[in-house]
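What follows is calculated from the coordinates using simple rules that are stated; it is not laboratory data. Fair warning: this is a prediction, and the values are worked out from it, not measured in the lab. Backbone-built Cβ (ideal geometry, glycine too); neighbour counts: all protein chains shown.
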Amino acid sequence: MAHRQPKPSDADPAAARADKTCASCGRRIEWRAKWAKNWDSVKYCSAACRSHGVNATDLRLEATIVTLLQARAHDSTICPSDAARAIGGEEWRDLMEPARRAARRMVARGELQMTQGGVVVDPSSAKGAIRLRTPR
């Protein structure tokens, strides 16, 4: 029997899927086979992100990050804790992960760059202290 030639419909499904970021946490969404039929409608990376969504505090954090960066020199950076402190007052530590999520969403939209040690890093894999700056 002759070798079967691939048809256009036999194309690799991995090649057809585009990179996506979660609408809630801003991390890269890893493709899963169970999402093959509805990959275009996938917006969240997990059930936790789907239930959290983006709330008013998240939007305030994004606006605060923009305001803080505009108040500084173009080549300056800020820490996500600056935005958390500006909104949260004494309870700012509770806003640290929401501030990092807000920063990752903004990086995914191209509004920010996330750095560690002055080097731009991937927000999906960055661990530890990060800084935020306007794109250069």
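A simple packing score, the average count of other Cβ atoms within 10 Å per residue, orders the peptides 120-130, 30-40 as 120-130, 30-40, with the highest score first.
Lys-Lys pairs in the chain that are eight or more residues apart or on separate chains and whose Cα atoms lie under 21 Å of each other come to 6.
Hey, of [x] 73, 33, 22; [y] 38, 28, 28; [z] 54, 34, 26, which did the structure itself give for Cα extents along the principal axes in Å when calculated? Label [x] holds the value from this structure. If one takes the longest principal axis of the Cα atoms in the chain, at what angle in degrees, from 0 to 90 and to the nearest 10, does the Cα axis of helix 96-108 lie? Roughly 50 degrees between the two axes.
Would you work out if the range 63-136 is rounded, prolate or oblate? Take a ≥ b ≥ c from the square roots of the eigenvalues of the alpha-carbon gyration tensor; rounded if a/c is under 1.5, else prolate when a/b is larger than b/c, oblate otherwise. It is oblate, given that a/c is not under 1.5 and a/b is not larger than b/c. Averaged over residues, the count of other Cβ atoms within 10 Å places the peptides 82-88, 111-117 in the sequence 82-88, 111-117, highest first.
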